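Q: The structure follows.
The values are calculated or read from the model by the stated rules, or taken from the named source; none is laboratory data. Since we're looking at a predicted model, the values are computed, not measured. Cβ: placed from backbone, ideal geometry, glycine included. Neighbour counts: every protein chain shown. Ligands, DNA and RNA are excluded from the accessible area calculation, which covers all protein heavy atoms including side chains. Shrake-Rupley method; radii C 1.70, N 1.55, O 1.52, S 1.80 Å.
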Amino acid sequence: PLHSLVTHIKFTSKYLVACHDDNTITLINHLDESKVRLGVEGTQTHTGEINSVDISDNGTIVSAADDKTVIVWEREESRVFYLDNIATLVKFWTDKDGDKIIVVENGNTVKVLDYKKNQWLYTIYPLSYSANAQPSINDVLIHNDRVIVVGNGWWKEYDTEVLNNGAGYTLPNGESQLAGWLLNSKYISSKSKPLIGGISNDRSSFYDLAANSNQVHQFKLQIPSIEVPAGSINHEGVVLFASGSKLILVKPFDSYEVVQYS
């Protein structure tokens, strides 16, 4: 049981972090069931609604909110980074360098931060930048030291060693549309490999971006609502998500069909 409504969930093999509608955060060690509350009165807090959260394997938390701040919650202290715009997504770099954090501002700009050095490393503009552009970035994945930016039905890949910026646009090394993408679905992804997917009320799907193909794996899924606070895919394509008061585990490999698009 938790003290308030949960709005975001992320988990590792040892830790679970949950954000609440009162802008606080609960860290749970689900091996020994111990809990720590963050963002309570008298400590560092977010003053706006929390939009995104992530947790590293060692229990370090990063969160972003409408107050234009990113907070890194470590065991001994918290580090606050002030932004010019609202961050819609934060996550730890999943490759070798655990000091790097990915920040998406306004839903259309990707920035990478070395939080221990307090240094912004680079910026990626996947779309031609406009102050009036609608949020369009769903996720940012790391695969073979490359950055994969995922939008609503598209992806673009960047080699950070040779970024080409110009006039507010970063030229990708590769890009493609996601054929058959379910537009009105709940986006989910995997940390361990570039698997992404969408949960919908009737038919759901996932894609393996490492396969470089136009195949989509679709499977039947009956859920009452796609307004779920959390979801994840593991490296075998097994889907876990929350719906209402239930946690649901789906094994789509038992029932999926592969659809090939030309």
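Q: Roughly how many percent of the accessible protein surface of region 1-112 is carbon and sulfur, given a 1.4 Å probe and a whole-percent answer?
A: Values: 2500 of 5280 Å².
Its accessible area is 47 percent carbon and sulfur atoms.
Q: On to the next question. With r as the distance between the Cβ atoms of Leu5 and His30 and R0 = 30 Å, compute the FRET efficiency 1/(1 + (r/R0)^6) and round to 0.05. Could the numbers behind the result be given before it?
A: Working: r = 20 Å, r/R0 = 0.66.
E between His30 and Leu5, to the nearest 0.05, is 0.95.
Q: 7 Å from Cα along Cα→Cβ at both Asn152 and Leu16: what's the point-to-point distance in nm?
A: 3.1
Q: Label points 7 Å out from Cα along the Cβ direction at Ser192 and Asp66: separation in nm?
A: Going by the 7 Å Cα→Cβ label model, 3.7 nm.
Q: Please list, ordered by chain and number, the residues whose modelled amide H lies under 5 Å from the amide H of Ser52; skip anything fewer than 5 residues away on the same chain.
A: Ala64
Q: For Arg75 paired with Asn212, estimate the spin-label separation in nm (one decimal), with each label point 7 Å from Cα along the Cα-to-Cβ line.
A: Inter-label distance under the simple model: 4.2 nm.
Q: When you have a sec, figure out the Kirkwood radius of region 11-116 from all distinct Cα pair distances and drop it here in Å to one decimal? Don't skip to the answer; put the middle values down first.
A: Details: mean 1/r = 0.0722 Å⁻¹.
Evaluated on region 11-116, it is 13.8 Å.
Q: Quick one: which of Lys35/Lys100; Lys117/Lys191; Lys35/Lys186; Lys68/Lys117; Lys35/Lys220 span more than 32 angstrom between C-alpha atoms? Walk me through the numbers before you get to the answer.
A: On the way: Lys35/Lys100 26 Å; Lys117/Lys191 24 Å; Lys35/Lys186 29 Å; Lys68/Lys117 20 Å; Lys35/Lys220 36 Å.
Too far apart for the 32 Å limit: Lys35/Lys220.
Q: Can you give me the accessible area per residue for region 1-145, using a 1.4 Å probe, in Å²? Walk me through the numbers on the way to the answer.
A: On the way: 7250 Å² over 145 residues.
For region 1-145, the per-residue accessible area is 50 Å².
Q: A further question follows. Using only alpha carbons, build the gyration tensor for region 64-220 and give me the equivalent ellipsoid semi-axes, biggest first, whole Å.
A: Numbers: eigenvalues 137, 64, 53 Å².
The three semi-axes for region 64-220 are 26, 18, 16 Å.
Q: Still on this model: Taking amide H positions as placed 1.01 Å from N in the peptide plane, with prolines and chain starts having none, which residues 5 or more places from Lys91, or on another chain, fall under 5 Å of its amide H?
A: Ile102
Q: Each residue of region 54-60 in order: what ³J(HN,Hα) in whole Hz does its phi give by Karplus 6.51 cos²θ - 1.76 cosθ + 1.60, θ = phi - 60°, with x for Gly and Pro?
A: With coefficients 6.51, -1.76 and 1.60, one gets 8, 9, 8, 5, 8, x, 6 Hz.
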